[in-house]
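The values are calculated or read from the model by the stated rules, or taken from the named source; none is laboratory data. All of these numbers come straight from a predicted model, not from anything done at the bench. Here the Cβ positions follow ideal geometry from the backbone for every residue, glycine too, while neighbour counts run over all protein chains shown. Note: areas computed on protein heavy atoms with side chains; ligands, DNA, RNA excluded. Shrake-Rupley method; radii C 1.70, N 1.55, O 1.52, S 1.80 Å.
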Amino acid sequence: MDVLAEVLRVSGARGALGVVLEAGGTWGLWLDSAPGAALHVISRGTAWLHVTGEKPRRVQAGDAVLVPPGTAHGIGGAAGVTMGSCDREEAARAFGDGRTLRLGSPPAQTEVIVLRYEQDPEVRTPVLTSLARPMHVTASQNAQLERTAELLAAELAQPQIGTTAAINSIVDLLLVQFVRAWLARHPQEQPGSWLGAMRDPVVRDALACVHAQPQHPWTTQTLAAATSVSRATLSRRFRSALGQTPGAYVTQWRIDLASVRLRDTDEPVESISDAVGYASPHAFSRAFRRARGTAPGTYRSRLRE
């Protein structure tokens, strides 16, 4: 079971191309906090990432940095540069017609591709939203990431038939490659986050079981047996990695799956209840009320209104 792929699929953590920045001379751009995570890929030259409360971070061609959702940050040409505010109207025009956003003075020495990743608001499993600090992968740590960034830059530079579809696929591939590279190189970072939990083989195997068969009557005991550890060991490592019990995670994921199906399909509540592992519609309704504060039918009607 590819847990990462499954969670990204359900959570809707898909990317949207923001803007391509070309900059030269003295330049700096402060980006307001946004609900989605930001992935900055340096396709040419060097830039500095500025985050409140942290030292400026140098990023160069082939590097990528994933910034947690809601984090105000800036990109500049030097560590101590004064940041200008983002021209939202110009940025919106650049996003709308694919034009490049130019900063500073010519000639351009740095090119940055700014991408945004937003999670489906109906999914509460915190794939990207639990990140505590920026995640940085260098070009030397992952050649695949660098090649994919080059492919994206080339596609943007020469649009042709199918460019939109190609860009969408490349943007999503960048996120997967970034996460792979980060997990391989930074196994001790991001404790308490969903991505950080992937470094614990016991928790990772338990998550694979849950995501492969969410309808199975999982308990801490049966998950422990499936991962060949004791119940106490699984509970301890699960809490350490994710800050919750195995049972709480199973419930959370089932309610996430049900919420998406209630919104996106016309399946009867009874069918959804059975598909996500509840013995009866009554038990499902009770669990759903606790998690979402309303009955499944009311929830569906409210979203569709």
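Of all residues in the stretch 205-227, those that are closer than 19 Å to Ser259 by Cα have Cβ atoms under 7 Å from Cβ atoms of residues that are part of a helix (DSSP H, G or I) and among the hydroxyl-bearing types (Ser, Thr, Tyr), 6 or more apart or on another chain, in Val210/Tyr249.
Out of the stretch 130-150, which residues are hydrophobic (A, V, I, L, M, F, W, C), open to solvent by 30 Å² or more (accessible area, probe 1.4 Å) and in contact (Cβ under 8 Å) with a residue 12 or more places away in the chain?
The one that is hydrophobic (A, V, I, L, M, F, W, C), open to solvent by 30 Å² or more (accessible area, probe 1.4 Å) and in contact (Cβ under 8 Å) with a residue 12 or more places away in the chain: Ala132.
Glu155 fulfils the conditions (1) part of a helix (DSSP H, G or I); (2) free of Cβ contacts under 8 Å to residues at least 40 places away in the same chain; (3) surrounded by fewer than 16 Cβ atoms within 10 Å (Cβ to Cβ) except for a single criterion, (3).
Looking across the stretch 161-175 at every residue that is among the hydroxyl-bearing types (Ser, Thr, Tyr) and open to solvent by 30 Å² or more (accessible area, probe 1.4 Å), the one that is nearest to Val20 (Cα to Cα) is identified as Thr164. Note on the stretch 204-235: residues that are in a helix (DSSP H, G or I) and either outside the structural domain of Tyr278 (by the TED database) or farther than 21 Å from Leu8 by Cβ (or both) amount to 12. If you go through the stretch 112-129 and keep only what is acidic (Asp, Glu) and open to solvent by 30 Å² or more (accessible area, probe 1.4 Å), you end up with just Glu118.
Would it be correct to say that Arg58 is modelled with pLDDT under 80, assigned by the TED database to the domain that holds Asp172, open to solvent by 40 Å² or more (accessible area, probe 1.4 Å) and farther than 30 Å from Ala208 by Cα?
no
Of the residues making up the stretch 97-115, one or more are of a type outside the set (Asp, Glu) and closer than 30 Å to Ser259 by Cα. Among the criteria (1) farther than 26 Å from Asp120 by Cα; (2) in a helix (DSSP H, G or I); (3) among the hydrophobic types (A, V, I, L, M, F, W, C), the one Phe238 does not fulfil is (1). In the stretch 158-179, the qualifying residues are those that are in a helix (DSSP H, G or I) and of a type in the set (Val, Ile, Thr), and the one that is farthest from Glu118 (Cα to Cα) is Thr163.
Let's see how each residue does on (1) surrounded by 15 or more Cβ atoms within 10 Å (Cβ to Cβ); (2) in contact (Cβ under 8 Å) with a residue 40 or more places away in the chain; (3) not charged (D, E, K, R); (4) not in a helix (DSSP H, G or I):
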{"residue": "Ala258", "(1), (2), (3), (4)": "yes, no, yes, no"}
{"residue": "Ser271", "(1), (2), (3), (4)": "no, no, yes, no"}
{"residue": "His282", "(1), (2), (3), (4)": "no, no, yes, no"}
{"residue": "Ala287", "(1), (2), (3), (4)": "yes, no, yes, no"}
{"residue": "Tyr299", "(1), (2), (3), (4)": "yes, yes, yes, no"}
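In this structure, Gln252 does not satisfy being closer than 21 Å to Val10 by Cα, surrounded by fewer than 16 Cβ atoms within 10 Å (Cβ to Cβ) and either touching a residue at least 60 places away in the same chain (Cβ under 8 Å) or not basic (Lys, Arg) (or both). Specify the residue that is modelled with the lowest pLDDT; the eligible residues are those in the stretch 29-48 that are surrounded by fewer than 21 Cβ atoms within 10 Å (Cβ to Cβ) and assigned to a strand (DSSP E or B). Once the filter is applied, the top-ranked residue is Leu31.
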